[in-house]
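What follows is a single structure, written as structure tokens, with notes after it.
Here, each number is a calculation from the coordinates, and none is a lab measurement. Please read these numbers as outputs of a predicted model, since none were measured by experiment. Here Cβ is always computed from backbone atoms with ideal geometry, including for glycine, and neighbour counts include all displayed protein chains.
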Amino acid sequence: MKVIHFTLESIGQAAREVSFLLKPGMPLLLYGEMGAGKTTLTKHIVLSLECCEEVTSPTFTIMQSYVTVLGTLWHIDLYRLDEHSTDELGLEELNKQDMMIVEWPERLRAKFFLTYTKATLKVLENGTRELVLEVVN
């Protein structure tokens, strides 16, 4: 388990640390309350992988792909879906070949991915963010 503390001013460094964990077959499942900064962190992770595209929230499109120096990265936001709707996204296939960050993974069926990095983001009282990372098998 790894714990990273950061502010919005130092989010770039935190994003670089997280980007080293991304690889096909090991999705990053990003948990956190509304407003914790999941999309902002994801934006900085994508930027740290030298993507030149504008990173936007996929809340309405559900999925957005980005070409990075390490390959394709999918940013997936399941907030508006229920567990039955997630079956139609083809996440199993994407997970085999591309990197993936999934916001609101609570919407997935239990143990959808066999191996993943669980990332729990929360805002502390002083505005600092705490990101707890753990590999789940």
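Would segment 1-76 count as rounded, prolate or oblate if I go by the C-alpha gyration tensor, calling it rounded below 1.5 in a/c and otherwise prolate when a/b exceeds b/c, oblate otherwise? In terms of gyration-tensor shape, rounded. Per-residue ellipticity at 222 nm from helix content only, as computed over the chain with -39500 (n - 2.57) for each DSSP H run of at least four residues, stands at -6000 deg cm²/dmol. Only the Cβ atoms of Lys and Arg (+1) and of Asp and Glu (-1) were treated as charged; on that basis the dipole of segment 2-136 about its Cα centre amounts to roughly 320 debye. Ordered by the number of other Cβ atoms lying within 10 Å of each residue's own Cβ, fewest first, Met1, Met26 fall into the sequence Met1, Met26. Rounded to whole Å, the principal axis extents of the Cα atoms in segment 2-136 read 40, 31, 28, largest first. For segment 4-60, chymotrypsin sites (Phe, Trp or Tyr not before Pro) are listed when DSSP marks them as loop and at most 10 other Cβ atoms sit within 10 Å of their Cβ; the list is Phe20, Phe60.
If neighbour count is taken as other Cβ atoms inside 10 Å, put Ser19, Ser10, Ser57 in order from fewest to most. Before the final figure, lay out the partial values.
Details: Ser19 22, Ser10 13, Ser57 16.
Going from least to most buried by this count: Ser10, Ser57, Ser19.
For segment 88-137, trypsin sites (Lys or Arg not before Pro) are listed when DSSP marks them as loop and at most 15 other Cβ atoms sit within 10 Å of their Cβ; the list is Arg109, Lys111.
Which of Arg16, Arg80 comes first, and how do the rest follow, when ranked by fewest Cβ neighbours within 10 Å?
Values: Arg16 14, Arg80 11.
Placing the least packed residue first, the sequence is Arg80, Arg16.
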